[in-house]
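Enquirer: Pasting a structure below so you can have a look.
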Amino acid sequence: MAETSYDVVVIGAGPGGYVAAIRAAQLGFKTACVEKRDALGGTCLNVGCIPSKALLAASEKFESAQHHLGDFGVKVGKVELDLPTMHTHRTKTVKANVDGVAYLFKKNKIDWLKGAAKFKNANTLTIDGVGDVTAKHIIIATGSDVSNLPGITIDEKRIVSSTGALELSEVPKKMVVIGGGVIGLELGTVWQRLGAEVIVVEFLDRILAIGDGEVSKQMQRILSKQGMSFKLSTKVTSAKASAKGVTLTVEAAAGGNAETIEADIVLVAVGRRPYADGLGLEAAGVQLDEKKRIKTDHQFRTSAPNVYAIGDVIAGPMLAHKAEDEGMAVAEIIAGQKPHIDYDAIPSVVYTFPEVASVGKSEEELKQAGVSYKVGKFPFTANGRARAMNATDGFVKILADATTDRVLGCHIIGAEAGTLIQEVVLAMEFGGSAEDIARTCHPHPTLEEAVKEAALAVDGRPIHI
């Protein structure tokens, strides 16, 4: 095939990559996107965010029908699990999303170059099944891959990654989740709701360790009440799979006597690692940092001036929406514009029930930095809408600068926390204060009123508690 030339070529069609490609095309660049999967959308749409949320929504409805609808006067007969239909819901959801990205590529006249890409030099890629392609600008958006533990082999049958955990054909009687982070808690929640006994083994002394400490403790109490159990400050030293199940050997993180745990399924959810394997970065002069992430400057340029990188493959939180914002920004930078991303205003959400949502600094981070701050906290037990929904677990917590009242962080446990957090994200993006949120009229009765009350509490004057 003859060499083909583009203004912009994006490697990877995940949330960062496909958004970068669409924005580049909108700006008038001749654009192509390289993706080796059979479908666009990357890990997020195919085996990550989207399918996991489909199962979380479905399993929540199953649990509600089993245990909670009667509290609202809704009588149901025997509730039965139809796992194949639940998986069909998952696959339909994925297909609708990935087909949507394919439609957007056609709409914006973006070429999908299907195959694996490797740099020939800083301006040329060799793509399997396509040939050589040149570009004035190349954006690396290859995302991340599952991290593993030494000595543990993921077979996607008994010892599974997040990908395998989405596709289990039957509910395990006992599941051990290695890792108490977002992925482990979300997928553990799915199978616990469907009937599995779930044990979370976490090396650190708390779950959701990168978040606010108070949130971590409260969420562990809530999940424990739901039936999940935890072994904190514990490390896994071996996992041996057989036809019947998995034998795990664990011991205290600091060392000590070993014990064994028998499980039907073990989910390894110890995080993700940047995926830059096989790209031939050396041929382009692109450098990695000590954590194997691609080095970039504040404009996402790598050590090769015409090569950029975004998303999970560079420093920063591994979040799809962070990658999307970077994808838009890098396309605009190539076009000569001056976009800006405030990394202190990037929210994160855990889609358990209740949800956990955070933005900005935690109390621990503010203390460590020596920042003087005020705390405003309001529980959902005092919110009328939450009572009406039987969803009173959790609270809203706002952290504000003690002198200026500027919002520095917000942490929410509660129903729809992922939606509620956005009001505070917007306030932070505009440099808003707790007083700004408190003085803004909120509709009644809504869960959002808890955000207003937490803002009032920063000044010591909540109304409903």
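None of the figures in this text is laboratory data; all of them are computed from the coordinates on show. Note that this is a predicted model, so its numbers are computed, not measured. Positions of Cβ are generated from backbone atoms using ideal geometry, with glycine treated the same way; all protein chains shown enter the neighbour counts.
Enquirer: I'd like the GluC sites (Glu not before Pro) in the stretch 306-386 restricted to DSSP loop residues with at most 13 other Cβ atoms within 10 Å, sorted by number.
Expert: none
Enquirer: Rank these for me by crowding, Asp401, Asp312, going from fewest to most other beta carbons within 10 Å.
Expert: Lowest count first: Asp401, Asp312.
Enquirer: In the chain, if the dipole is taken from +1 on Lys/Arg beta carbons and -1 on Asp/Glu beta carbons about the Cα centre, which of Thr4, Ala329, Gly213 is farthest to the positive end?
Expert: The listed residue farthest towards the positive side: Thr4.
Enquirer: Hey, how many Å between the Cα centroid of the stretch 93-108 and the Cα centroid of the stretch 38-74?
Expert: 21
Enquirer: Kyte-Doolittle mean at least -0.5 and Cα extent at least 15 Å along the axis: which DSSP H helices of the chain qualify?
Expert: Passing helices, by number: 15-26, 49-67, 83-107, 182-193, 320-334, 417-429.
Enquirer: Under unit Cβ charges (Lys, Arg +1; Asp, Glu -1), what dipole magnitude, rounded to 20 debye, does the stretch 345-458 have relative to its Cα centre?
Expert: Computed about the Cα centre, the dipole is about 200 debye.
Enquirer: Now, a different point. Restricting to the chain, compute how many DSSP beta bridges are antiparallel as a %, nearest 5.
Expert: Bridges in the chain are about 60 percent antiparallel.
Enquirer: Hey, can you grab everything whose amide H is under 5 Å from the amide H of Leu408? Only 5+ residues off in sequence or another chain; H modelled, so Pro and N-termini drop out.
Expert: Leu399, Ala400, Asp401
Enquirer: Once fully extended, how much extra length lies between Lys173 and Lys217, figured as 0.36 nm per residue of separation less the alpha-carbon to alpha-carbon distance?
Expert: Length gained, Lys173 through Lys217: 13.2 nm.
Enquirer: Report, by chain and number, residues whose modeled amide H sits under 5 Å from the one on Thr234, excluding near sequence neighbours (fewer than 5 apart, same chain).
Expert: Glu202, Phe203, Leu204, Ala253
Enquirer: What order do you get for His298, His67 when you list them from fewest to most C-beta neighbours inside 10 Å?
Expert: Lowest to highest Cβ neighbour count: His298, His67.
Enquirer: Calculated from DSSP H runs of 4 or more alone, at -39500 (n - 2.57) each and per residue, what is the 222 nm mean residue ellipticity of the chain, nearest 500?
Expert: -10000 deg cm²/dmol, from helical runs alone.
Enquirer: Could you state the number of Å between the C-alpha centres of the stretch 328-354 and the stretch 168-231?
Expert: Rounded to whole Å, the Cα centres lie 28 Å apart.
Enquirer: Also: Could you size up the charge dipole of the chain around its Cα centre, putting +1 on the beta carbon of Lys and Arg and -1 on that of Asp and Glu, and report it in debye to the nearest 20?
Expert: Rounded to the nearest 20 debye, it is 580 debye.
Enquirer: Would you list which aspartates and glutamates come within 14 Å of Lys120, measuring only between C-alpha atoms, while excluding same-chain residues fewer than 8 positions from it?
Expert: Glu3, Asp128, Asp132, Glu282
Enquirer: Tell me which of Met389, Ala400, Thr302 sits at the most positive position along the dipole axis of the stretch 282-412, charges placed on C-beta atoms (Lys, Arg +1; Asp, Glu -1).
Expert: After comparing all options, I get Met389.
Enquirer: Arrange the following residues from fewest to most other Cβ atoms within 10 Å of their Cβ: Ser229, Ser348.
Expert: Fewest-to-most Cβ neighbours within 10 Å comes out as Ser229, Ser348.
Enquirer: Put +1 on the Cβ of each Lys and Arg and -1 on the Cβ of each Asp and Glu in the chain; which of Phe380, Leu194, Val182 then has its Cα farthest toward the positive end of the dipole?
Expert: The one lying farthest along the dipole's positive direction is Leu194.
Enquirer: Counting other Cβ atoms within 10 Å, which trypsin sites (Lys or Arg not before Pro) in the stretch 79-161 have at most 15 and lie in a DSSP loop?
Expert: Lys109, Lys157
Enquirer: Count of lysine pairs in the stretch 159-270 with Cα atoms under 17 Å apart, counting only pairs 8 or more residues apart in sequence or on different chains?
Expert: Within the stretch 159-270, the lysine pair count is 6.
Enquirer: Using the Cα centre as the reference, give the magnitude of the dipole from point charges on the C-beta atoms of the stretch 78-231 (Lys, Arg: +1; Asp, Glu: -1; all else neutral), rounded to the nearest 20 debye.
Expert: Using only the charged Cβ atoms, the result is roughly 300 debye.
Enquirer: Same structure, new question: Identify unpaired cysteines across the chain, taking unpaired to mean no other cysteine Cβ lies under 4.7 Å from the residue's Cβ.
Expert: Among the cysteines of the chain, those whose Cβ sits 4.7 Å or more from every other are Cys33, Cys410, Cys441.
Enquirer: Students often check this: by mean Cβ neighbours within 10 Å, which of 375-383, 422-430 ranks highest, and how do the rest follow?
Expert: 375-383, 422-430
Enquirer: Could you tell me which label, among (i) 36, 26, 20; (ii) 37, 30, 22; (iii) 42, 24, 19, carries the value of semi-axes √(5λ) of the Cα gyration tensor in Å calculated for this structure?
Expert: (ii)
Enquirer: Would you kindly state how much longer the chain becomes between His340 and Val79 on full extension, computed as 0.36 nm times their sequence separation minus their alpha carbon distance, in nm to one decimal?
Expert: 88.9 nm
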